[in-house]
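**Q** Please find one structure pasted underneath; my questions will follow.
The values are calculated or read from the model by the stated rules, or taken from the named source; none is laboratory data. Being a predicted model, the structure only gives us computed values, none of them experimental. No Cβ is skipped: glycine too gets one built from the backbone with ideal geometry, and neighbour counts run over all protein chains shown.
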């Protein structure tokens, strides 16, 4: 089984130059960005999603046993965050650093990108460790391309409570994004915990093997928001134009509209995708 390249995840300040952040991700597969969100932003976001989380049952809605195990027996997953949280739609996914990093990853090769999904993930006491995986597995043909394939997704996992090894901090295999065989997801003993304070973010490649950790506490709930981007030529998980009210979308910043499918996509070499009668979607929607 391949060896890892580093003993633990490195950390870097959110004020660091983009090139420095990306250089660590290129070397290790991921990096912890300190203080991506302020304590006030974390508090407001948590307050906005608390009612919906309280009304949500833990566990998966899928009949497939493998998928149910992947989602977690005592894990809550809250989606449609654009509708549910003003802080999320106006501050988190419109964060300048988020866009600067995504621009640097996608624009040269892919030309455009949009949001794959956004989920609040709350791991409860006693939940087992999640099976290891890479996020690029959403688009399986890219698994076979190995490390030479394009970057088809990057993920921002922001801690909304403190992450500890005991309460289920996400576990990562540094260096796994360079493995020759992406069908090899590694083994638990190769992982390291992404221990973070609330507001810190794990920014990582879709090629990197990772999974939620086991929550071995009796009373702690580990909460995070995970949102990922993919190139405009690939479809995402959440169908935002069918979830987000058109008037709400109209009020959002231009780049957020593009992230959630209310703008046409222009991948490198394409005259345009996601159009109406060969015209920009925003014009059809009277934006």
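**Q** Against the definition (surrounded by fewer than 23 Cβ atoms within 10 Å (Cβ to Cβ), more than 21 Å from residue 102 (Cβ to Cβ) and in contact (Cβ under 8 Å) with a residue 40 or more places away in the chain), how does residue 151 come out, yes or no?
**A** Answer is no for this residue.
**Q** Right, something else. Name the helices (runs of 4 or more DSSP H) wholly within segment 178-287 that hold at least 2 residues that are more than 24 Å from residue 97 (Cβ to Cβ)?
**A** Per the criteria, 246-250, 281-284.
**Q** A further question follows. Select from segment 151-177 the residues that are within 17 Å of the chain's Cα centre (by Cα), over 24 Å from residue 230 (Cα atoms) and in a strand (DSSP E or B) and list them in ascending order.
**A** Within segment 151-177, 163 is the sole residue that qualifies.
**Q** Taking residue 72, is it within 20 Å of the chain's Cα centre (by Cα), modelled with pLDDT under 95 and more than 21 Å from residue 228 (Cβ to Cβ)?
**A** No; evaluated as a whole, the condition is false for this residue.
**Q** Here is a further query. Return a yes/no flag: does segment 133-147 have any residue that is at pLDDT 95 or above, in a loop (DSSP other than H, G, I, E, B) and within 24 Å of residue 41 (Cβ to Cβ).
**A** no
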